[in-house]
Amino acid sequence: MAGGGLAQIQSYNTPGEFMSRMTGDWKRYRDLLPAADKGNFDKLSSTSQLALSQFSHQFPGLKVEYYNKPNDPLGYYHTGGNVGINLANPDGAIKGIMAHEFAHAVAENGMLPDLYRELMGEPATKTPGQYTLLDKNAPDGVAHIDPNTGRYKTNQDFQNLKNSYINRARRQEPTDLPHYRPPHS
């Protein structure tokens, strides 16, 4: 079993070997599903199926609830290992849940400054990030620093994501992030 978790890939000689083991995990997970859950699982993209099967190996008591409610959140995760996947947009739930869990790992392992540097850049080292506003006419190519924060200004891609999230939240539409749902009493 490849299992879940980012560190697992280090246990294998090549990415292909790791992928082969992940595929075995996927098959084992799918083969053990009840018929109704198998049909719902098959509605997920192959990437989401792989992520969910890996997640289930990391959390053996994982319970997945599938539902189809277009006006409800994309999905949820709550303590105790229960995950909800809204089949109205099934892959949105998986991405959000994985991102949420990844954020926990980043914060708990002190990696937030590294992640921030990769995404937003680091003016002190003149290292742009994925969302840094670049200026090809500036001597360093990255002249846009926000005087209020001392950080690089963000590019249009980041602004588009930010505005989309804010607008959807204002309209109380799903924001592609999972919502916490307390355990059922």
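The values are calculated or read from the model by the stated rules, or taken from the named source; none is laboratory data. Please read all numbers here as calculations on a predicted model, not as lab measurements. All Cβ positions, glycine included, derive from the backbone under ideal geometry; neighbour counts span all protein chains shown.
Key figures
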{"item": "Top-ranked residue of the stretch 8-45 - restricted to ones that are part of a helix (DSSP H, G or I) and of a type in the set (Asp, Glu), ranked as farthest from Ala88 (Cα to Cα)", "result": "Glu17"}
{"item": "Condition check for Val106: assigned to a helix (DSSP H, G or I), in contact with a helix residue (DSSP H, G or I) (Cβ under 9 Å, 6 or more places away or on another chain) and either modelled with pLDDT under 90 or small (Gly, Ala, Ser) (or both)", "result": "yes"}
{"item": "Boolean, Gly39 is at pLDDT 90 or above and under 21 Å from Gly75 (Cα atoms)", "result": "yes"}
{"item": "Which listed residue, of Tyr12, Tyr77, is within 30 Å of Arg171 (Cβ to Cβ) and modelled with pLDDT under 75", "result": "Tyr77"}
